[in-house]
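> Below is a structure I'd like to ask you about.
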Amino acid sequence: MPRPKPSTKASHKGCAPQIRALKMQYPQLGPTAIARTVGCTPDNVSQVLRRSLLNYSDADLKDYQANQADIIDSVAMRSIASITDAKLDKSPAVALGTLAAIMIDKSRLIKGQATGINVTVLMDVAEAIRARRAAGPVVQVIESKQP
């Protein structure tokens, strides 16, 4: 039985991530320039970009990226607000709480805030404090200059 020929479509060669990355890094590049760079057709570039943005513009994407933490906070708030007593009696309410927790965690990550406490780091700090205390007080001798 003969083997099928390998596909030459860009999507099968893994060009879609390269196409999206190039468009984000160089928004001024058109489909033809991107196609030449990644080795596919301009039509494929257009199709990949159309699918990746789901009919949103580059400006919409940049606006989202600039406001991502606030958008995630909004989704978390809406998730928590949508939990009712009736939903609490059913398991899907757990999914809403999980969604809110994930959204809060991601928002903090985007804002550069801590998303968890590293116990190992805390233990290292505690050990350093113990070692410092065991060494005794530090006395700084200041020589006074007499005239």
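The values are calculated or read from the model by the stated rules, or taken from the named source; none is laboratory data. These numbers were taken from a predicted model, which means no experiment stands behind them. All Cβ positions, even for glycine, are placed from backbone atoms using ideal geometry, and neighbour counts span all protein chains on display.
> From the list Gly30, Gly39, Gly112, Gly97, pick out the single residue that is at pLDDT below 85 and either touching a His at 6+ places or on another chain (Cβ under 6 Å) or not aliphatic (A, V, I, L, M) (or both).
Just a single option satisfies the conditions, and that option is Gly97.
Residue by residue, here is whether (1) among the hydrophobic types (A, V, I, L, M, F, W, C); (2) out of contact with any helix residue (DSSP H, G or I) (no Cβ under 9 Å at 6 or more places or on another chain); (3) not assigned by TED's automatic domain parsing to the domain that holds Thr115 holds:
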position: Ala16; (1), (2), (3): yes, no, yes
position: Met24; (1), (2), (3): yes, no, yes
position: Gln28; (1), (2), (3): no, yes, yes
position: Ala35; (1), (2), (3): yes, no, yes
position: Cys40; (1), (2), (3): yes, no, yes
position: Asp43; (1), (2), (3): no, no, yes
position: Leu96; (1), (2), (3): yes, no, no
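> Right, next: Can you work out which of the residues in region 47-65 that are under 20 Å from the mean Cα position of the chain (by Cα) and not in a helix (DSSP H, G or I) is surrounded by the most Cβ atoms within 10 Å (Cβ to Cβ)?
Tyr56
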